[in-house]
Amino acid sequence: MTALNVVLAVALFAGTAPSQSFDVASVKVNKSADPPTANFPLGPGDVYVPNGGLFSATGFPLVTYLFFAYKVIGNQGQYLLPQLPGWATTDRFDIQARAEGNPGKDQMRMMMRSLLADRFKLAVHTETREVPVLAFVLAKPGKTGPQLQPHSAGSTCPTNAPPPGPGAANTPAPPLTVTGGFPAFCNGIFALPPSVPGRQRLGARNVTLQFLADSLSAGANRGRPMIDRTGLSGTFDFVLEYSPEINGPLPPAVASEPDPSGPSLEEALRDQLGIKWESAKASIDVLVLDRVDHPSEN
């Protein structure tokens, strides 16, 4: 998982719906050194590859499947992770499952919840807690930064990625960005090529500022959830570039040392998006683990 892999502005924990489960499913322990793969993105955004009801993922730990099923990222993730047993973040699993029809991504999430309850005996509930937070507010009242703009309702905003073709050479990759440097896809936060090595560049289209705050809290290393109190409603497009703060050895996914001349996350938020954070208290929903067992294979 990357630092920012890591919640859309919808209720994190969906209300009870009619039972949804896969028709058939296989769970196997993965002992290989191969990198993880999935037939569609497992993050909290809406980008999806229609797949005829097939869920196919290899080499991910339980925490990835759990976060996918419940749309967990930054704020909720920092409370959930300490509750999980060690194997839930280290042992890797392959899951192959099939459902009728062509379910969407949120339907896949609900079916994954059923699978985790069945195969991993996963049981969770939610609690509302009042906790210290970092609240996003406008650095200058009534004014946003140059790299944050309201999303245009009339713009083309795809969330379905094209399926892979019979050969990579025959399927041109979709453009990384559109006019303005924003990501080609919507409803998620995407890594973009940085302007300078050693920086992290992120972009999104058609997301709320609460989604931005929640996502950034996963990698900001501030020990507090981040929430939106800017008072700005609707959805936005943004691009944000900063030098990540890394303590200790470089993580495997980081190719180079942070650029010392680049802005910190706090500086980039202020100068590029017109947002600052301030200490506050707020009530947030927390996912509480009741039970999880290491699965027996099929």
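For this structure, a couple of remarks:
- Checked against (1) in contact with a strand residue (DSSP E or B) (Cβ under 8 Å, 6 or more places away or on another chain); (2) at pLDDT below 95; (3) under 20 Å from Phe120 (Cα atoms), Pro50 passes all but condition (3).
One line per residue, one yes/no per condition, for (1) closer than 17 Å to Thr37 by Cβ; (2) open to solvent by 20 Å² or more (accessible area, probe 1.4 Å); (3) modelled with pLDDT of 95 or more:
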| site | (1), (2), (3) |
| --- | --- |
| Ala57 | yes, no, yes |
| Ala69 | no, no, yes |
| Val72 | no, no, no |
| Leu81 | no, yes, no |
| Ala88 | no, no, yes |
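- Leu42 open to solvent by less than 60 Å² (accessible area, probe 1.4 Å) and modelled with pLDDT of 95 or more: no
The values are calculated or read from the model by the stated rules, or taken from the named source; none is laboratory data. No experiment lies behind these values; they were computed from the predicted model shown. Cβ atoms come from the backbone with ideal geometry, glycine included; neighbour counts cover every protein chain shown. Just so you know, the surface numbers come from the protein's heavy atoms only, side chains and all, with ligands and any DNA or RNA stripped out. Shrake-Rupley method; radii C 1.70, N 1.55, O 1.52, S 1.80 Å.
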